[in-house]
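Chemist: Let me give you the structure first, and then I'll get to my questions.
The values are calculated or read from the model by the stated rules, or taken from the named source; none is laboratory data. Keep in mind the model is a prediction, meaning the values are calculated, not measured. So basically every Cβ, Gly included, is an ideal-geometry build from the backbone, and we count neighbours across all protein chains shown.
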Amino acid sequence: MSKILITGGTGFIGYHLAKRLVGQEHEVVLADNFFRSERDADLIALLEQPNIKLIEADLTDPALWDALGTGYDYVYHLVGINGTKLFYEIPHEVLRIGVTTTLNALDWFRTKNNQPNAKILYTSSNEAYAGALDAFGKLLIPTPENVPLVIADPYNPRWSYAGQKLIGELLFIHYAKAYGFRMSIVRPHNFYGPREGYLHVIPEIIERIHEQPDPFPIFGADTTRSFCYIDDAVEAIQTVMESDKTDNGTYHIGTHEETLIKNLIENLFTLMNWHPKELDIQNSPEGSVKRRLADVSKIKADIGWEAKIGLEEGLRKTIEWYTAHPHKK
Ligand SMILES: NC(=O)c1ccc[n+]([C@@H]2O[C@H](COP(=O)([O-])OP(=O)(O)OC[C@H]3O[C@@H](n4cnc5c(N)ncnc54)[C@H](O)[C@@H]3O)[C@@H](O)[C@H]2O)c1
């Protein structure tokens, strides 16, 4: 049994990771300030388990880290401001919260956690390298871990998120080297599943299918993404954390199943038993990032992980949850 801290632990990935770890009888502490998550029925049920505890704290305040206790074997540093809309609305906060919580996490971990052989993991993002396409007009597809991290335009608020992830990766790499502790970095690629909120692509399309507009608008119909179901994703994150082969390394987590957005929506129509008479197909503007596909061969080669849940199975489970939990507006 291990003692585990998850920062940003009541969010999408944190909740599912915590549920998995609690089921394995680890002792789990979640730290979050509910900036972007809810104390909903799923979280309340999870918190009823005897081996999990929630500490409400704004992790930008270094003093509040002292309340988290010590002696953690594993620290999953998930806190961050996710959601594209917020990158445009509050880029300064995306940067401040991302950078300060990461500096606080590393300083607390190296000076206060006080647990021999402990490890800390950072969730970066594919956004940290996506700017290479804007800046240089090309990106290897599928994209491996060692491509350059690029901020295409610092004046464009969209790159605030990528900027703090890029700094986060540098901080993790060089703090771990300087102070001699164990760490890994993961870059999630389009995780989806229940309890993701209502603003991401799959929940948003499910909601629109429930509303049945006809003609049905499809935005960015010609773009592709690779979607990774959350149960696979949290298994990958835990496997990276618990292996020592991954120490001081960076890993892409995702699938090699490249899905055209138009086909994703056609799949959802079929699974939800409704099809509009007419589609209003809107392709993405010229020059936008049309393909995004991770090279996930490194995680397989180093620790044998690969995704097991196909898109159709994952979509079924996601539809089931969102149908039972419609968006309250
Ligand atoms: N979901 C994905 O596909 C994906 C893709 C790329 C990167 N990531 C990264 O993985 C991490 C987790 O993502 P997620 O999808 O679970 O996001 P999420 O928004 O659901 O979870 C982040 C959590 O951090 C909390 N938080 C924000 N500011 C805080 C603060 N000052 N103090 C304490 N808690 C605070 C939020 O309330 C939220 O619960 C994030 O860092 C995100 O950038 C996720």
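Chemist: Just to be sure I understand the filter: pairs with C-beta atoms under 7 Å, separated by 6 or more residues or on different chains, first member in segment 301-329 and over 19 Å from MET272 (Cβ atoms), second member assigned to a helix (DSSP H, G or I) and of a type in the set (Phe, Trp, Tyr). Which pairs pass?
Modeler: The qualifying pairs do not exist here.
Chemist: Of the residues that make up segment 134-144, is at least one in contact with a helix residue (DSSP H, G or I) (Cβ under 9 Å, 6 or more places away or on another chain), surrounded by 18 or more Cβ atoms within 10 Å (Cβ to Cβ), under 30 Å from GLU278 (Cα atoms) and touching a residue at least 60 places away in the same chain (Cβ under 8 Å)?
Modeler: So far as segment 134-144 goes, no, none of its residues is in contact with a helix residue (DSSP H, G or I) (Cβ under 9 Å, 6 or more places away or on another chain), surrounded by 18 or more Cβ atoms within 10 Å (Cβ to Cβ), under 30 Å from GLU278 (Cα atoms) and touching a residue at least 60 places away in the same chain (Cβ under 8 Å).
Chemist: Of all residues being under 20 Å from the mean Cα position of the chain (by Cα) and in a helix (DSSP H, G or I) in segment 47-88, which is surrounded by the most Cβ atoms within 10 Å (Cβ to Cβ)? Just the residue, please.
Modeler: PHE87
Chemist: Still on this structure, I have one more. Consider segment 185-225. How many of its residues are part of a loop (DSSP other than H, G, I, E, B) and farther than 19 Å from ILE319 by Cβ?
Modeler: 7
Chemist: Give the residue, chosen from GLY163, GLY168, GLY193, that is of a type outside the set (D, E, K, R) and on the phi > 0 side of the Ramachandran plot.
Modeler: Answer to the selection: GLY193.
Chemist: Somewhere in segment 224-244, is a residue in contact with a strand residue (DSSP E or B) (Cβ under 9 Å, 6 or more places away or on another chain), over 23 Å from ARG20 (Cα atoms), of a type in the set (A, V, I, L, M, F, W, C) and modelled with pLDDT of 95 or more?
Modeler: Among the residues of segment 224-244, not one is in contact with a strand residue (DSSP E or B) (Cβ under 9 Å, 6 or more places away or on another chain), over 23 Å from ARG20 (Cα atoms), of a type in the set (A, V, I, L, M, F, W, C) and modelled with pLDDT of 95 or more, which makes the answer no.
Chemist: Next up: I'd like the full set of residues that are more than 19 Å from HIS77 (Cα to Cα) and either crowded, with 17+ Cβ neighbours inside 10 Å or more than 15 Å from the ligand (Cβ to nearest atom) (or both), limited to segment 1-41.
Modeler: MET1, GLY23, GLN24, GLU25, ALA41
Chemist: Pairs under 6 Å by beta carbon, first residue farther than 22 Å from ILE4 by Cβ and touching a residue at least 12 places away in the same chain (Cβ under 8 Å) in segment 96-109, partner more than 10 Å from the ligand (Cβ to nearest atom) and of a type in the set (Val, Ile, Thr), six or more apart or different chains?
Modeler: What qualifies is VAL99/ILE167.
Chemist: Right, another one. Might you check whether a residue that is away from the ligand (no atom under 16 Å from the Cβ), touching a helix residue (DSSP H, G or I) at 6+ places or on another chain (Cβ under 9 Å), acidic (Asp, Glu) and in contact (Cβ under 8 Å) with a residue 40 or more places away in the chain occurs anywhere in segment 203-212?
Modeler: There is at least one residue in segment 203-212 that is away from the ligand (no atom under 16 Å from the Cβ), touching a helix residue (DSSP H, G or I) at 6+ places or on another chain (Cβ under 9 Å), acidic (Asp, Glu) and in contact (Cβ under 8 Å) with a residue 40 or more places away in the chain.
Chemist: Also, I was wondering about something else. Can you tell me which residue in segment 183-202 is nearest to the ligand (Cβ to nearest atom), limited to those that are within 21 Å of ASN263 (Cβ to Cβ) and touching a strand residue (DSSP E or B) at 6+ places or on another chain (Cβ under 8 Å)?
Modeler: Among residues in segment 183-202 that are within 21 Å of ASN263 (Cβ to Cβ) and touching a strand residue (DSSP E or B) at 6+ places or on another chain (Cβ under 8 Å), the one nearest to the ligand (Cβ to nearest atom) is PHE191.
Chemist: So, one more: For segment 20-36, name all the residues that are over 13 Å from LEU54 (Cα atoms) and within 19 Å of the chain's Cα centre (by Cα).
Modeler: Listed by number, the residues that qualify are ARG20, LEU21, PHE35, ARG36.
Chemist: If ALA221 meets every condition in (1) of a type in the set (A, V, I, L, M); (2) surrounded by 20 or more Cβ atoms within 10 Å (Cβ to Cβ); (3) more than 19 Å from SER125 (Cβ to Cβ) apart from one, which number is that one?
Modeler: ALA221 satisfies all of (1) of a type in the set (A, V, I, L, M); (2) surrounded by 20 or more Cβ atoms within 10 Å (Cβ to Cβ); (3) more than 19 Å from SER125 (Cβ to Cβ) except (2).
Chemist: Working carefully through the options ILE120, ILE52, find the one that is within 20 Å of ILE253 (Cβ to Cβ), away from the ligand (no atom under 12 Å from the Cβ) and in contact (Cβ under 8 Å) with a residue 24 or more places away in the chain.
Modeler: ILE120
Chemist: Taking segment 89-117, which residues are assigned to a helix (DSSP H, G or I), among the basic types (Lys, Arg) and more than 16 Å from the ligand (Cβ to nearest atom)?
Modeler: ARG110, the sole residue that qualifies.
Chemist: Is it the case, given these coordinates, that TYR161 is assigned to a helix (DSSP H, G or I), more than 16 Å from the ligand (Cβ to nearest atom), at pLDDT 95 or above and over 30 Å from THR323 (Cα atoms)?
Modeler: Judged against the criteria, TYR161 is not a match.
Chemist: May I pose another question? Surrounded by fewer than 18 Cβ atoms within 10 Å (Cβ to Cβ) and not hydrophobic (A, V, I, L, M, F, W, C): is that true of ARG292 in this structure?
Modeler: It is false that ARG292 is surrounded by fewer than 18 Cβ atoms within 10 Å (Cβ to Cβ) and not hydrophobic (A, V, I, L, M, F, W, C).
Chemist: Okay, next question. What is the one condition in (1) more than 16 Å from the ligand (Cβ to nearest atom); (2) in contact (Cβ under 8 Å) with a residue 40 or more places away in the chain; (3) not acidic (Asp, Glu) that ALA178 does not satisfy?
Modeler: (2)
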